[in-house]
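The values are calculated or read from the model by the stated rules, or taken from the named source; none is laboratory data. In this text, all values refer to a predicted model and were calculated from it rather than measured experimentally. Glycine gets a Cβ as well: all are built from the backbone with ideal geometry, and neighbour counts include every protein chain shown. For accessibility, only protein heavy atoms count, side chains too; no ligands or nucleic acids. Shrake-Rupley method; radii C 1.70, N 1.55, O 1.52, S 1.80 Å.
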Amino acid sequence: MTTRSVEAIIRPGAPHYVGDGFRVHNFIPGNQGANMQRMNPFIMLDYNSKYHFTGTEKPRGVGVHPHRGFETVTIAYQGKVAHHDSGGGGGVIAQGDVQWMTAASGVLHKEYHEEAWAREGGIFQMVQLWVNLPAKDKMSPPKYQAIKNETIPQVDLDTAGSTVKVIAGNYQGTQGAASTFTPVHLFNARLKSGARADFSFPAAYHTALLVIEGAITVNGKHEAPTDHFVLMGNDGEAFSIEASEDALVLVMSGEPIHEPIAAHGPFVMNTRQELIEAFDDFNQGKFGYLED
Amino acid sequence: MNRFAFSTFLTSNTDLDQELIDGLVGQCTRREVTRGAYLLREGETCEHSFFVEKGLLKQFAIDHQGKEHILQFAPENWIVSDRASAYFHQPSEYYIQALEDTQVMLVDEAFILQLARNNASFLEFNHRLLHNHIRHLQQRILQLQSATASERYQHFVKIYPDLLLRIPQVLIASYLGITPESLSRVRRDLAEQNRTILS
């Protein structure tokens, strides 16, 4: 097995707001080194690093908007998000929960801080990752996987208290909670100071780490502090991370989908014509209706 | 977005030779304005046409009750100006404001007139733009007099296919001359009619 090297360690850029409830650093595709083609099937990653929202009677968030052609994966670290969609679905995700929404042919949804949480306010920390769909599945029916923290399979590491939670894919024989359309591995690795975790994915898989808490050393020499994004190369399979202080790391690795990408705002398709159709279908109410 | 969107626009919409286009673009000023910034205010004399390279502008007036009425949106590759103010040198009744961080080319009115005098091909181009604008305004007048809310909405999404995703519906309602509730009803009825394969 060959070593997968670190290609870049990317510090969080200036944050921007998505709606008024998500204060995010964009890592994909905002960074030159991590554009859609380079990171595919991961086509967007917004990270709301720890941020204190004051209490409010009117929950902050982002209003009704459509998606088509991919999946949105929301991982809650701190705070609570409520969501509703045009298919009548909805729910709340809190610490450790994951909402895996397959937008596919199209949904309208809105995402807000959960009402009671918003009233109190507090520290909010969240990741939203977009996973592309292969052409054959882009127009499949939308669906949800609401994944509760306690149902995510966990692998205990040698160091007591250190674990890898398998959101999707497979880690050391443990199968993840979410089903995916193409091979995707998504883990939350919680490492006590000094603990080490080893990972191996096929060399071609696009792979990255996001340091949610603490600090890590990758392959024994590259230090990545809190809120930094580690872009891994495709020159090998295996790499290791070691916690230089208690750490929580989001690990993602996926098989590239070798198809053209045509993206505009909330639609990610294969051709320009399909994008035009997406706008047309949205304007004609074919994504349904959802009250703002 | 293409940094030279205005050049590209001229190349694909006129028969001007490249040298003339380069000269014209060279005479324009590129300005970046943040969301909320004004390019024109009521009472000022408009001295430019604004070509939007990236972002979104709105042209509007405010009535005696303080209510805003939107005359035009200008997303990428649109030109917006108060032509009356610019041509007749009269104070404008309108505001032009950025709805997003916007990159515009400021085309000087005096320069347009000079170029039109000296170059038949540019004169023809400018005429076409002007008549296109008149056609658009005539359609707007007739629609505001006679079209249903649903018809107005359908026409809107044809000319501005992506604006629904970029601006609040209250602004679209203002442009259409209907209430936000009426626009919401139109969208809900459409969704009812077009409930398809997707759900």
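Listed here are the residues, each with its yes/no results for (1) within 14 Å of chain B (Cβ to nearest Cβ); (2) part of a strand (DSSP E or B).
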| site | (1), (2) |
| --- | --- |
| A:Leu231 | no, yes |
| A:Leu248 | no, yes |
| A:Ser253 | no, yes |
| A:His258 | no, no |
| A:Asp281 | yes, no |
| A:Gly285 | yes, no |
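I'm told A:Gly236 meets every condition in (1) within 14 Å of chain B (Cβ to nearest Cβ); (2) assigned to a loop (DSSP other than H, G, I, E, B) except one. Can you identify the failing condition by its number?
(1)
Where in the stretch A:106-166 are there strands (runs of 3 or more DSSP E), lying fully within it, with 2 or more residues that are touching a residue at least 60 places away in the same chain (Cβ under 8 Å)? Outline the logic, then answer.
Values: elements: A:107-113, A:121-132, A:143-147, A:154-156.
Once the strands (runs of 3 or more DSSP E) in the stretch A:106-166 are filtered for at least 2 residues that are touching a residue at least 60 places away in the same chain (Cβ under 8 Å), what remains is A:107-113, A:121-132.
Do the conditions hold for B:Ala147, that is, is it touching a Pro at 6+ places or on another chain (Cβ under 8 Å), of a type outside the set (Val, Ile, Thr) and either more than 13 Å from A:Asn283 (Cα to Cα) or open to solvent by 30 Å² or more (accessible area, probe 1.4 Å) (or both)?
Answer is no for this residue.
Of the residues A:Glu223, A:Glu277, A:Glu237, A:Glu255, which is among the charged types (D, E, K, R), within 18 Å of the chain's Cα centre (by Cα) and surrounded by fewer than 19 Cβ atoms within 10 Å (Cβ to Cβ)? Quick ask: steps written out before the conclusion?
Working: A:Glu223 fails: within 18 Å of the chain's Cα centre (by Cα); A:Glu277 fails: within 18 Å of the chain's Cα centre (by Cα); A:Glu237 fails: within 18 Å of the chain's Cα centre (by Cα).
Sole residue among the options that is among the charged types (D, E, K, R), within 18 Å of the chain's Cα centre (by Cα) and surrounded by fewer than 19 Cβ atoms within 10 Å (Cβ to Cβ): A:Glu255.
Pairs needed: first member in the stretch B:183-194, within 11 Å of A:Phe287 (Cβ to Cβ); second member anywhere, among the hydroxyl-bearing types (Ser, Thr, Tyr); C-beta distance under 6 Å; at least 6 residues apart or different chains.
Listed by first residue and then by second, the contacts come to B:Ala191/A:Tyr289.
What single numbered condition from (1) surrounded by fewer than 18 Cβ atoms within 10 Å (Cβ to Cβ); (2) part of a helix (DSSP H, G or I) fails to hold for B:Glu76?
(2)
Is it the case, given these coordinates, that A:Ala197 is part of a strand (DSSP E or B), within 17 Å of A:Phe239 (Cα to Cα) and more than 20 Å from the chain's Cα centre (by Cα)?
On the way: part of a strand (DSSP E or B): yes; within 17 Å of A:Phe239 (Cα to Cα): yes; more than 20 Å from the chain's Cα centre (by Cα): yes.
For A:Ala197, the condition - part of a strand (DSSP E or B), within 17 Å of A:Phe239 (Cα to Cα) and more than 20 Å from the chain's Cα centre (by Cα) - is met.
Scan the stretch B:100-117 for residues that are in a helix (DSSP H, G or I) and either in contact with a helix residue (DSSP H, G or I) (Cβ under 9 Å, 6 or more places away or on another chain) or surrounded by 16 or more Cβ atoms within 10 Å (Cβ to Cβ) (or both) and jot them down. Don't jump to the end; show me each part of the working.
Here is the first cut: in the stretch B:100-117, the residues in a helix (DSSP H, G or I) are B:109-117.
Scanning the stretch B:100-117 gives B:Glu109, B:Phe111, B:Ile112, B:Leu113, B:Leu115, B:Ala116, B:Arg117.
Could you grab me the full set of residues in the stretch A:4-41 that are part of a strand (DSSP E or B) and exposed (fewer than 14 other Cβ atoms within 10 Å of the Cβ)?
Initially, the stretch A:4-41 is screened for residues part of a strand (DSSP E or B), giving A:6-10, A:16-18, A:22-28.
Result: A:His16, A:Tyr17.
Kindly indicate whether B:Asp101 is in contact with a Pro (Cβ under 8 Å, 6 or more places away or on another chain) and either within 14 Å of chain A (Cβ to nearest Cβ) or aromatic (Phe, Trp, Tyr) (or both).
On the way: in contact with a Pro (Cβ under 8 Å, 6 or more places away or on another chain): no; either within 14 Å of chain A (Cβ to nearest Cβ) or aromatic (Phe, Trp, Tyr) (or both): yes.
Considered against the rule, which asks whether it is in contact with a Pro (Cβ under 8 Å, 6 or more places away or on another chain) and either within 14 Å of chain A (Cβ to nearest Cβ) or aromatic (Phe, Trp, Tyr) (or both), B:Asp101 comes out as no.
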